[in-house]
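Q: Take this structure, written in structure tokens, and hold onto it; I'll ask about it next.
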Amino acid sequence: MNIDEKLSILADAAKYDASCASSGARGRRAAPGGIGSTDGTGICHSYTPDGRCVSLLKLLLTNYCIYDCAYCINRRSSGVRRARFTPDDVVWLTLEFYRRNYIEGLFLSSGIIRDADYTMEQLIAVARTLRETHGFGGYIHLKTIPNAAPELIREAGRWADRLSINVELPTQTDLDALAPEKELTQIRRAMTVVKDSIAESREARGVRHGGRPASPPSFAPAGQATQMIVGATDASDAVILDAAASLYRGQRLRRVYFSAFSPIPDASSSLPVVAPPLVREHRLYQADWLMRFYGFTAPELTTPHAPNLDLAVDPKLAWALRNRERFPVDLNAADRSDLLRIPGVGVRSVERILSVRRWRRLRMEDLGRLRIALGRALPFIVVADHSPRGLGDALDLRERVVRRSQLDLFAAGQSARTGEL
Ligand code: SF4
């Protein structure tokens, strides 16, 4: 099989992994004689409409795998055509694509060949050769095999900008059903190795530079991420968000990526035959944003009665509709945390509100300049010349707000990228 055929098989096999966004890379220039950098033009983020990054060369080292995860097209029992790169193949491809300006870096994952340690060594060999032999300064994201030896995980972090270990499903019960060879405790243990190594590296470099973190940390400077598949089991959004919150809290993850399960050819009978609506993945990303930047907790975003996010309205609006007694909020008086809870008012708008109101009272005419999504926000806010009437009794509030939100459609498109909710 020639390298083009391998490339078409192994690039296609990698497309199911969503955890490849390259945000968070620290600036690094290539050493003299090397190529690539993570600054200057920076890591070029190209996102598909559903948020996936496409600027990296995204490959599997191989789609052979000794595991049999039901949701995966590369599982042992799948009839898919197999291929395998050598580490040198991947190094050559990365450099060729980079020189042609097609990519900003490499995202490399793999099926598990022989065993976890052997596979991890092969992945490390690619990253180490790129860095050491070719002075490659571009972005490298390595997928980490959970049960690889801790010293191999630490070695991977020396060469990669980001490491990710896919948790895949939110609970051990789900894993038992679809990926019985995987253990949540093992995955979390590997994440802890990455978390601790990042912390140690930062601390050591901070100490070396007189207490100031002066230069980029040498271990996985863009942190660690994971991916969760949505809709392959009947796990609710409440369970998924709780798992994500626990990973942010306990493992200091930079990102949890949600990937709507897509039915695969030759699928196992234990899987649903239809994919969940893509909007569910989008709502989970919005909820994730609310937890990371708006001060919401996972339990606030769903209810025991409705454990899945409302697909018709964004989760912040859904929360506001359930908590009408918290509104209206006076933009001229409320504190930051209450402002962040107003539908249609993003983090940057809150900063602008706090800044402008130091000098004068906010009025309706200011709201457009503050980039507030009026369709969603107006029923929930008070300004000097506006106060909504009868919010608490308005049984049709949801319908009215949803109708008015159509006006924010363009802004809602923006929010998918910026997280302004
Ligand atoms: S270990 Fe990874 S590549 Fe192998 S079957 Fe499971 S998900 Fe697929």
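Q: Work through the residues other than Ala156 whose Cβ is under 13 Å from its Cβ and net out their charges, Lys, Arg +1 and Asp, Glu -1.
A: Taking every other residue near Ala156 into account, the sum is +1.
Q: If you roll a 1.4 Å probe over the range 243-391 with all protein chains in place, what percent of the accessible area is carbon or sulfur?
A: 54
Q: While we're here: Add +1 for every Lys or Arg and -1 for every Asp or Glu among the other residues with Cβ under 15 Å from the Cβ of Arg76, and state the total.
A: Charge balance in the 15 Å sphere: +2.
Q: Now a separate question. Just to be sure I understand the model, the point goes 7 Å from the Cα along the line to the Cβ. What's the resulting Asp335 to Thr133 distance in nm?
A: 5.8
Q: Now, a different point. Can you work out the base-10 log of I(q)/I(0) for the range 77-151 at q = 0.19, 0.26, 0.27 1/Å, using the Debye formula on its C-alpha atoms alone?
A: -0.83, -1.25, -1.30
Q: In addition: Taking 0.36 nm per residue of separation and subtracting the Cα-Cα distance, what length does fully extending Arg369 through Glu203 add?
A: Going from the current span to full extension adds 55.6 nm.
Q: Any idea what the dipole of the range 189-346 comes to, in debye rounded to 20, about its Cα centre with Lys/Arg Cβ at +1 and Asp/Glu Cβ at -1?
A: Charge dipole, the range 189-346, about its Cα centre: 680 debye, nearest 20.
Q: Could I ask something else about it? Using a cut-off of 10 Å between beta-carbons, work out the net charge of the residues near Gly250 (Lys and Arg +1, Asp and Glu -1, Gly250 not included).
A: +4
Q: Going by the alpha-carbon gyration tensor, a ≥ b ≥ c the square roots of its eigenvalues, is the range 179-333 rounded (a/c under 1.5) or, if a/c is not under 1.5, prolate (a/b greater than b/c) versus oblate?
A: Here the range 179-333 falls in the oblate category.
Q: Hey, any idea what % of the range 72-181's accessible area is carbon plus sulfur with a 1.4 Å probe?
A: Within the range 72-181, the accessible surface is 47 percent carbon and sulfur.
Q: Moving to a separate point now. Considering Cα pairs under 8 angstrom that are at least six residues apart, work out the relative contact order of the range 146-297 and quote it in whole percent.
A: It comes to 24 percent, rounded to a whole number.
Q: Over the range 294-391, give the accessible area per residue in Å² for a 1.4 Å probe, as an integer.
A: Result: 48 Å² per residue.
Q: Sticking with this one: So how far, in whole Å, is the C-alpha centre of the range 275-294 from the one of the range 77-144?
A: A separation of 30 Å, based on Cα centres.
Q: Once R0 is set to 35 Å, what does the formula 1/(1 + (r/R0)^6) return for the Cβ-Cβ distance between Asp117 and Gln172, expressed as a FRET efficiency to the nearest 0.05?
A: 0.90
The values are calculated or read from the model by the stated rules, or taken from the named source; none is laboratory data. The structure displayed is predicted, hence computed values, not measured ones. Glycine also receives a Cβ, built like all others from the backbone with ideal geometry; neighbour counts cover every protein chain displayed. Please note that ligands, DNA and RNA were not included when accessible areas were found on the heavy atoms of the full protein model with its side chains. Shrake-Rupley method; radii C 1.70, N 1.55, O 1.52, S 1.80 Å.
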